[in-house]
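Colleague: Input: one structure, supplied below.
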Amino acid sequence: MNLQIKSGDNYLANINTLTKLFITLFFSIFIVFMKDETALIFLFASSCLYVLPMKKYKAMLIGYAMILLMFISSIGFSYLLGLMAKRYGLKEDFAMLIPFLRVGFMINLTLALTLSSGVKKLVNVLKTLKFPRTIFLPTIVIFRFLPSFINDVKQIHESIKIKIGHFNILTMISSPRLFIRLMIIPAVIRALRAADDLSAAAELKGISGINKITNSNPEKWCWKDGLSFVILASIVAISTVLNQGGV
Amino acid sequence: MNKEKFYWETRELVVIGTFAALIKIVSFLVAITGGGMNPIAMVAKNIVSTALLIILVFNVRKFGVLSLYVLISGMITILTMGRGLMLLPGILIAGFICDLIIKFCGGYKSSFAIIAGVALFDIFYRAISLSLGYLFMRENPQLLYFAGITVAIGYIGCIIGLFTGNIFAKELKHAGIIKE
Amino acid sequence: MIKLKDIEYSYSFQKEKVIKNISLEIKPSEVVLITGESGCGKSTLAKIANGLIPHYFKGSLLGEVTVCGTDNLDSTIADISRNIGSLFQDPEQQFFCNDVESELSFAHEVQGKKIDEIKNSVAKYANKFEIENILDSSIFSLSEGEKQKVALASILSLKPKCLVLDEPTANLSPEATEQLGKEIAILKEAGFAIMIVDHRLYWLAQIADKVLIMKNGEVLKSGNFDILHNSQTRNDFGLRNSSLSLEKKSNSIFCKGLEIKNLTFAYKNKTAIFKDYNINFQSGKIIALCGANGIGKTTLSRLITGLLKTKKGEFYLDGIEIKSKNLLKRTSLVLQNMDHQLYARTVADEVDGKLELLEQLQLAKFAARHPQSLSGGQKQRLVIAAAIARNVDIIILDEPTSGLDGKNMRIIGDVLRKEAKRNKIIIVITHDLEFINKCCDEQLTIKKGEEV
C-alpha cells in the first residue's frame, strides 16, 4: 500500500524544497506582525495565487471549510458571551476577520509545501541540512513509521470488526474502555514492536557509528528558486507598506 | 574502527521518533473519529496523547527525553507544514524544565516523578500555545476565550491520560514489552 | 569466516541460558543450515553472529565470536555489518526508507561515501537483481519476492563476505523460494560464508553443506543434509519434511457448504478482480486456496467475511442465501499479523475461557500469561484458537503456517481437522506446499481470467 505523500507534477514541485520551507517558515513569523486588513488581504490573495496552480482544490476546500467552521464557532461563542455580558458581545467590524485571514494565509502556504514535496524530498532536506544523528534519526523514523502505522491501524480496525462485528464512533463514546483495549493498546504494541525492528535495522545499517550523513540525491537550485526569493522580497515590501504603521 | 559513544542509543532515538509520530497520528485519528471540535473528542484526544507520552517516558527513562521528544515533534511540524517555529523555543524550554523536575523529584525510575513531569509539561505546553494563539487572534479576543475554554476542557483529558498512561505502562510491563 | 567458540548466552531479563556451549565455524563458500523447533535458540544464534547480540540485545554472552577474523566484542555493529549481511523473515522490517532507491543508498550514505560512488552502487545492484523498474516504488507496494530482492541487493551492495539469513522463506511463494535458492547458490559460488536459519528445509537440499539441529539451546545433531531425510530425526526434533512431493489434490463434487455466485468486485478506480465469478467451498473439508500473489485470494477472503462489499454476487450457506452484511457473524478470519488480533489481558481471556482449545493447541500452560508475551509460534496458535472459539460456520486462515516448525504445523493441522469434522468450512490461504500436502483435503487455485 502506498501511503506516501507524492509530489505532484506542478511548477512548485520543481522549486527546491528548502526554498519552499524557507518561504513558509519566514511568513509564519512575518504574518504575526501584520495587522492591517489591506495588507492581510493582499497576503492572502498572493498565497492563493501561490497554491492555486497546483490544482489541489479538494485539499484547499477542506482547509477553508475548517476556517469557516472556526469562524462560525467564533460568532456563536461571541453571541453567547454577549448574552452573558454586554461588553463581550459580537463585534461587527472587520477586525473579527483578521485572525481568519492569517490562518487562511498559513493554510495556503502549508498546502503548497506539503503537497508539492514528497517524503523523499523532505528526508533529503534533513540530510542536506546536516542535522546531527540525535535529530536526524528520530525524524527520519517518523517518515518511515507513519505509512506502515496507518496500514496497521486499518488492520487493527478490520480485526476488531471480525472480533466484535462493528466498530464506530458510538463504540468509542459508549465504551471508552473497550475502545482503549481494542484499538489503542494494539496500536501502542505495534508501535513499540516497529520501534524495535527499526532500531535493529538501523544498527545493522551502521547508524550507531555515525553523526552525519551524505545526501546522495541533492536537489539542484535553479532560476525558479531565485525568482521565488525576488517575489518573496516584493511581497514583503508591498505588505509592509500596506501595513501602514510598518512592521 | 569507529567506537564513538553517544549519549542517546539508537533504540532510544527510534522510540522517540516512533512516539512523536504515534502521538500525532493517534490524536488526529481520535479527534477525527470523535467528530472534531467537540468536548468529548477533545477530552478523548488528550487522554490518548498524554497516556502515550507517559508510555514514552516509561520506555526511555533518560534525562532529556521530554526535551528531545518536543524537539523532534516540533521539527516534523516545521518540515511538513512549515509552522511551529515560534512555538518551538518555548516548548523546548518547557520540556527541559519538566525533565529537570522528573530528575529532581525522584528520577526516571519513579512513576510519581514521571507523572508529575508530564502533567506539568502539559500545562506549560498549553499555556505557551495559548500565548502564541493570542498573537494570531489578538484582534478578536472572543476567539481567545473560546480557545481558552477549549484548552481547559482538553486538560481534563490530560489529567485522565496521566492515569490511563500509568495503567497502560503496567500492562505493557506485564506483557514484557516494557522492561522494568 | 564466521567462527563461534564455546558460546553461552542468556537474555538480561531471564536467568535461563538460551544458548548452551555452541561452537561452529562457517568457511568461505560454505552454507550451514541451522534448524530446530520454535524457541530452540536458532534465531538467537543468528543474532550473535551478526553482532545484534550483545551490542543491541543486552545480556550475558560468554565465548568468542569472530567474523572475518575480527572479534565481534571489540567491534561496533557498524563495523561488523561491513563484513556480515543479515536478511530477516520479513524484509519490510529491515527497511529504513520509504522507497527502493533510498533504501539501496541509505547504508552507503550513513558510511559517508561520495555521491557518485553511491549512485553507481545503486545502479549496479538494481541491475543485478533486476529491480530497476521499481526503484521509485514505495517499499509498501512491493510483493514479498520483490522485498526479498531489494533487501538482498541492499545488503550485498555493502560487499560483505558473510551472510546470515533468518527464516528467509517464511513469507515467500514456492516460485520466490526457488529464486532465492538460486541466488544463494550463486553467492556460495562467489565465496560467501552463509548461515541460514529456517524451518523450511526442502529448498536447501542442494545448497546446504552442513546441518545443525538445535533443541533447548544446544546443538544435538549435526551432519550433512542427509540427516534430515531420516523421519525419526525429523519427528524427534519437530522438523518439517526434507523433500517435497507435489501431490495433486482432487476436489470432491460440491454438495454442502458455501456457494458464491456471480461475484463481481473491483477496488475503487481499478479493473475488476472478480467478474461474475463462481466458487464453492465444501463443508467438512480443509480447503487450500492458492494462486499467484495479487490474484485476489486475500480479497476473496475479505469478501466472504463481509469486510469488503461486493458490487454484485450472492452467497449461499448450505443452500440458504445470506446477505453480505450478515457474513461477519458467520465467519472468522485469521490475518497474518498476530499483534493486531490479540486484545485480552490473558491468554485464557482471548479464547473466552475455553481452556480445552488451549489444551489442544498446547497453550494451556500459558493461560495466565499476557498474549503479547508469547513467542511468534505461540501467538500464531492463539489467534487460531480465538477464531475457533467464536464458533462460526466458516473459518478462513491467511498463511497460518508461515514461520512454523513441523511440530506446530502438525498441531494446527490436527485442530483444523477436528473443526472440519464438526462440519465447518475451513479455508486456508497458503503458499506452504508441505501444509497443503499434509493437512488439506482439497485445493482451489484462483487463476487470472479463469474460473477455479
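The values are calculated or read from the model by the stated rules, or taken from the named source; none is laboratory data. Values in this document were obtained by computation on a predicted structure and should not be read as measured data. Glycine also receives a Cβ, built like all others from the backbone with ideal geometry; neighbour counts cover every protein chain displayed.
Colleague: For the stretch A:94-101, state whether one or more residues are more than 7 Å from every other protein chain (Cβ to nearest Cβ) and over 18 Å from the mean Cα position of the chain (by Cα).
Modeller: Scanning the stretch A:94-101 turns up at least one residue that is more than 7 Å from every other protein chain (Cβ to nearest Cβ) and over 18 Å from the mean Cα position of the chain (by Cα).
Colleague: Do you know which residues across the stretch C:271-308 are among the charged types (D, E, K, R) and closer than 21 Å to C:Glu442 by Cα?
Modeller: Within the stretch C:271-308, C:Lys285, C:Lys297, C:Arg302 qualify.
Colleague: Among the residues of the stretch A:152-180, how many are at pLDDT 85 or above and under 23 Å from B:Ala41 (Cα atoms)?
Modeller: Matching residues across the stretch A:152-180 total 9.
Colleague: Another question, if that's okay. Sort through A:Ser228, A:Ser159 and tell me the only one that's under 30 Å from C:Asn326 (Cβ atoms) and of a type in the set (S, T, N, Q).
Modeller: A:Ser159
Colleague: Looking only at the stretch A:200-216, how many residues end up being more than 7 Å from chain C (Cβ to nearest Cβ) and either within 25 Å of B:Lys170 (Cβ to Cβ) or not in a loop (DSSP other than H, G, I, E, B) (or both)?
Modeller: Summing the residues that are more than 7 Å from chain C (Cβ to nearest Cβ) and either within 25 Å of B:Lys170 (Cβ to Cβ) or not in a loop (DSSP other than H, G, I, E, B) (or both) in the stretch A:200-216 gives 0.
Colleague: Shifting gears a bit: Taking the condition crowded, with 17+ Cβ neighbours inside 10 Å, among the polar types (S, T, N, Q) and closer than 30 Å to A:Ile72 by Cβ, does B:Asn166 pass?
Modeller: no
Colleague: Now, a different point. What are the residues in the stretch A:126-170 that are facing chain B (nearest Cβ under 10 Å), in contact with a helix residue (DSSP H, G or I) (Cβ under 6 Å, 6 or more places away or on another chain) and hydroxyl-bearing (Ser, Thr, Tyr), if any?
Modeller: A:Thr139 - this is the single residue of the stretch A:126-170 that is facing chain B (nearest Cβ under 10 Å), in contact with a helix residue (DSSP H, G or I) (Cβ under 6 Å, 6 or more places away or on another chain) and hydroxyl-bearing (Ser, Thr, Tyr).
Colleague: Separate question: When you check B:Ser73 against the structure, is it of a type in the set (S, T, N, Q), free of Cβ contacts under 8 Å to residues at least 40 places away in the same chain and under 22 Å from A:Leu137 (Cα atoms), yes or no?
Modeller: no
Colleague: Could you grab the pairs with beta carbons closer than 6 Å, sequence gap of 6+ or different chains, first residue in the stretch C:161-181 and closer than 12 Å to C:Ala151 by Cβ and modelled with pLDDT under 85, second one polar (S, T, N, Q) and not in a helix (DSSP H, G or I)?
Modeller: Partner pairs satisfying both residue conditions: C:Asn171/C:Ser402.
Colleague: How many residues, within the stretch C:96-128, are hydrophobic (A, V, I, L, M, F, W, C) and facing chain A (nearest Cβ under 7 Å)?
Modeller: Residues in the stretch C:96-128 being hydrophobic (A, V, I, L, M, F, W, C) and facing chain A (nearest Cβ under 7 Å): 7 in total.
Colleague: Being among the hydrophobic types (A, V, I, L, M, F, W, C), surrounded by fewer than 23 Cβ atoms within 10 Å (Cβ to Cβ), out of contact with any Gly (no Cβ under 7 Å at 6 or more places or on another chain) and touching a residue at least 24 places away in the same chain (Cβ under 8 Å) narrows it down to one residue among B:Ile97, B:Ile93; which is it? Walk me through it before giving the result.
Modeller: Numbers: B:Ile93 fails: touching a residue at least 24 places away in the same chain (Cβ under 8 Å).
After ruling out the rest, the residue left standing is B:Ile97.
Colleague: List pairs: first in the stretch A:34-55 and touching a residue at least 12 places away in the same chain (Cβ under 8 Å), second crowded, with 18+ Cβ neighbours inside 10 Å and aromatic (Phe, Trp, Tyr), Cβ under 6 Å, 6+ apart or cross-chain?
Modeller: If the second residue must be crowded, with 18+ Cβ neighbours inside 10 Å and aromatic (Phe, Trp, Tyr), the pairs left are A:Leu43/A:Phe105; A:Phe44/A:Phe105; A:Ser47/A:Phe105.
Colleague: Mind listing just one residue for me: the one in the stretch C:149-190 that is among the basic types (Lys, Arg) and not in a helix (DSSP H, G or I) and, of those, farthest from C:Leu239 (Cα to Cα)? Explain how you work it out, then say what you get.
Modeller: Let us first name the residues in the stretch C:149-190 that are among the basic types (Lys, Arg), namely C:149, C:159, C:161, C:182, C:188.
This time we only want the ones that are not in a helix (DSSP H, G or I), so: C:159, C:161.
Values: C:Lys159: 33, C:Lys161: 30 Å.
Only one residue fits best here, namely C:Lys159.
Colleague: Related question: For C:Ile396, state whether it is modelled with pLDDT of 95 or more and either farther than 23 Å from A:Ile189 by Cα or in a loop (DSSP other than H, G, I, E, B) (or both).
Modeller: Details: modelled with pLDDT of 95 or more: yes; either farther than 23 Å from A:Ile189 by Cα or in a loop (DSSP other than H, G, I, E, B) (or both): yes.
Criteria met by C:Ile396.
Colleague: Within the stretch C:76-95, does at least one residue satisfy the condition of being more than 28 Å from C:Ser137 (Cβ to Cβ), without any contact (Cβ under 8 Å) to a residue 60 or more places away in the chain, within 14 Å of chain A (Cβ to nearest Cβ) and assigned to a loop (DSSP other than H, G, I, E, B)?
Modeller: yes
Colleague: To continue, here is another question. Give A:Ile189, A:Ile184 a once-over and let me know the one that is assigned to a helix (DSSP H, G or I), more than 9 Å from chain C (Cβ to nearest Cβ) and within 28 Å of C:Asp339 (Cβ to Cβ). Step through it out loud before you land on a result.
Modeller: Working: A:Ile189 fails: more than 9 Å from chain C (Cβ to nearest Cβ).
So the residue among A:Ile189, A:Ile184 that is assigned to a helix (DSSP H, G or I), more than 9 Å from chain C (Cβ to nearest Cβ) and within 28 Å of C:Asp339 (Cβ to Cβ) is A:Ile184.
Colleague: Please determine whether any residue of the stretch B:107-114 is outside any helix (DSSP H, G or I), under 18 Å from the mean Cα position of the chain (by Cα), more than 8 Å from chain A (Cβ to nearest Cβ) and surrounded by 16 or more Cβ atoms within 10 Å (Cβ to Cβ).
Modeller: Yes, some residue in the stretch B:107-114 is outside any helix (DSSP H, G or I), under 18 Å from the mean Cα position of the chain (by Cα), more than 8 Å from chain A (Cβ to nearest Cβ) and surrounded by 16 or more Cβ atoms within 10 Å (Cβ to Cβ).
Colleague: Still on this model: Please tell me if C:Gly296 is among the small types (Gly, Ala, Ser), at pLDDT below 90 and touching a helix residue (DSSP H, G or I) at 6+ places or on another chain (Cβ under 8 Å).
Modeller: No.
Residues are listed down the side, and each one gets a yes or a no for (1) more than 7 Å from chain A (Cβ to nearest Cβ); (2) surrounded by 24 or more Cβ atoms within 10 Å (Cβ to Cβ); (3) assigned to a helix (DSSP H, G or I); (4) within 12 Å of the chain's Cα centre (by Cα):
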| site | (1), (2), (3), (4) |
| --- | --- |
| B:Phe6 | no, no, no, no |
| B:Leu13 | no, yes, yes, no |
| B:Ala20 | no, yes, yes, yes |
| B:Ile32 | yes, no, yes, no |
| B:Ala41 | yes, no, yes, no |
| B:Leu66 | yes, yes, yes, yes |
| B:Tyr69 | yes, yes, yes, yes |
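Colleague: Confirm whether B:Ser131 is under 17 Å from the mean Cα position of the chain (by Cα) and polar (S, T, N, Q).
Modeller: Taking the combined requirement at face value, the residue does not satisfy it.
Colleague: Can you find a residue that is within 14 Å of chain B (Cβ to nearest Cβ), surrounded by fewer than 21 Cβ atoms within 10 Å (Cβ to Cβ) and touching an Asp or Glu at 6+ places or on another chain (Cβ under 7 Å) anywhere in the stretch C:329-344?
Modeller: yes
Colleague: Within the stretch C:129-170, how many residues are within 23 Å of the chain's Cα centre (by Cα), within 11 Å of chain A (Cβ to nearest Cβ) and among the aliphatic types (A, V, I, L, M)?
Modeller: Of the residues in that region, 5 qualify.
Colleague: Is one or more of the residues making up the stretch A:14-35 assigned to a helix (DSSP H, G or I), modelled with pLDDT under 85 and more than 9 Å from every other protein chain (Cβ to nearest Cβ)?
Modeller: Yes, there is a match, as at least one residue in the stretch A:14-35 is assigned to a helix (DSSP H, G or I), modelled with pLDDT under 85 and more than 9 Å from every other protein chain (Cβ to nearest Cβ).
Colleague: Restricting to the stretch C:271-315, count the residues that are in a loop (DSSP other than H, G, I, E, B), within 17 Å of C:Leu335 (Cα to Cα) and among the polar types (S, T, N, Q).
Modeller: 1
Colleague: Within the stretch A:132-145, can one find any residue that is touching a Phe, Trp or Tyr at 6+ places or on another chain (Cβ under 7 Å) and within 21 Å of B:Ile25 (Cα to Cα)?
Modeller: Yes, because at least one residue in the stretch A:132-145 is touching a Phe, Trp or Tyr at 6+ places or on another chain (Cβ under 7 Å) and within 21 Å of B:Ile25 (Cα to Cα).
Colleague: Could I ask something else about it? Are any residues in the stretch C:191-226 of a type in the set (Gly, Ala, Ser) and either part of a helix (DSSP H, G or I) or free of Cβ contacts under 8 Å to residues at least 40 places away in the same chain (or both), and if so, which ones?
Modeller: Listed by number, the residues that qualify are C:Ala205, C:Ser222, C:Gly223.
Colleague: Residues of the stretch C:345-373 being in a loop (DSSP other than H, G, I, E, B) and either within 14 Å of chain B (Cβ to nearest Cβ) or touching a His at 6+ places or on another chain (Cβ under 8 Å) (or both), which ones? Write out each step before concluding.
Modeller: Initial filter on the stretch C:345-373 (in a loop (DSSP other than H, G, I, E, B)): C:345-346, C:351-354, C:361-363, C:367-370.
Scanning the stretch C:345-373 gives C:Arg345, C:Thr346, C:Ala368, C:Arg369, C:His370.
Colleague: A follow-up question, please. May I ask you to verify whether B:Met86 is on the phi < 0 side of the Ramachandran plot, crowded, with 20+ Cβ neighbours inside 10 Å and hydrophobic (A, V, I, L, M, F, W, C)?
Modeller: Criteria not met by B:Met86.
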